[in-house]
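Undergrad: I have a structure here, written as structure tokens, and I will follow up with some questions on it.
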Amino acid sequence: VSKVSYKYLLANFLNNAVWLAYSLKVENTDLIIINGLDPNYLPILVVVHLRQDEGWAPLALFPVALDHIPLIIFSFTDHISTELTGLLGTSLSIAAYAISLDNISVVLKTRNKSAVNMGLTVACVLNGSIWMVYSLLVRDVYVLIPNLAALISAAVQMNLYQWTTGKIEDTHWFIKVL
């Protein structure tokens, strides 16, 4: 838990609430079950994270989450279409995967392989792959797109890890782009 940023956990909490609204609107039992479970364990992870690493200071970000609550509640209503709810869920998922890359500058400055969260990287690969296949089977573009973002995020992390271990040279195009 300590290697996962508070911002990432908070983004996923908000994200899963919107995905639950989308799941209910499209009446997809698989998505309802998965997204119905997430809000139960994410607050526990947030509390454990705060107590282990950073004290309670990151709670300053909590008002940002509160700003999004009306939008999340609104997502559950008929006032926002299924398509807009799916687009919101997709956008929040992509933002969460972007947040998971918040360590890039530290890795590039220190070349410290322990700064690369390989647990999160493996989770992104597994989760992204499984949900991408699922999205193709049920033909749901809103589920497909964020899982492509998960695989891209994981590819960035894996390449950074390889660079920190010397398997990728400083002159590699990927490192130059970063």
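The values are calculated or read from the model by the stated rules, or taken from the named source; none is laboratory data. Fair warning: this is a prediction, and the values are worked out from it, not measured in the lab. Because the Cβ atoms are built from the backbone with ideal geometry, glycine has one as well, and the counts that use them run over all protein chains shown. Each accessible area value is taken on the protein alone, full model and side chains, heavy atoms only, with ligands, DNA and RNA left out. Shrake-Rupley method; radii C 1.70, N 1.55, O 1.52, S 1.80 Å.
Undergrad: What spacing in nm lies between the two simple spin-label points modelled at His172 and Thr110, each 7 Å away from Cα in the Cβ direction?
TA: 2.0 nm
Undergrad: Could you sort Asp140, Asp102 by their accessible area in this structure, using a 1.4 Å probe and putting the largest first?
TA: I get Asp102, Asp140, largest accessible area first.
Undergrad: Would you work out what percent of the accessible area of segment 124-178, with all protein chains in place, is carbon or sulfur (probe 1.4 Å)?
TA: Answer for segment 124-178: carbon and sulfur cover 67 percent of the accessible area.
Undergrad: Can you give the extra length, in nm with one decimal, that the chain gains between Asp78 and Lys7 once fully stretched, where that is 0.36 nm per residue apart less the Cα-Cα distance?
TA: That pair, Asp78 and Lys7, stretches by 22.6 nm at full extension.
Undergrad: Now, a different point. Starting at the first residue of segment 151-162, write each ³J(HN,Hα) from the Karplus equation 6.51 cos²θ - 1.76 cosθ + 1.60 with θ = phi - 60°, in whole Hz, x for Gly and Pro.
TA: So the Karplus estimates, Gly and Pro as x, are 5, 5, 4, 5, 5, 4, 4, 5, 5, 4, 4, 4 Hz.
Undergrad: Something else now. Evaluate E = 1/(1 + (r/R0)^6) for Ser91 and Ile34, where r is the Cβ-Cβ distance and R0 equals 25 Å; express this FRET efficiency to the nearest 0.05.
TA: Once rounded, the FRET efficiency stands at 0.85.
Undergrad: Order of 104-115, 13-24, 80-91 by packing, highest average Cβ count within 10 Å first?
TA: So the order, starting with the most tightly packed, is 13-24, 80-91, 104-115.
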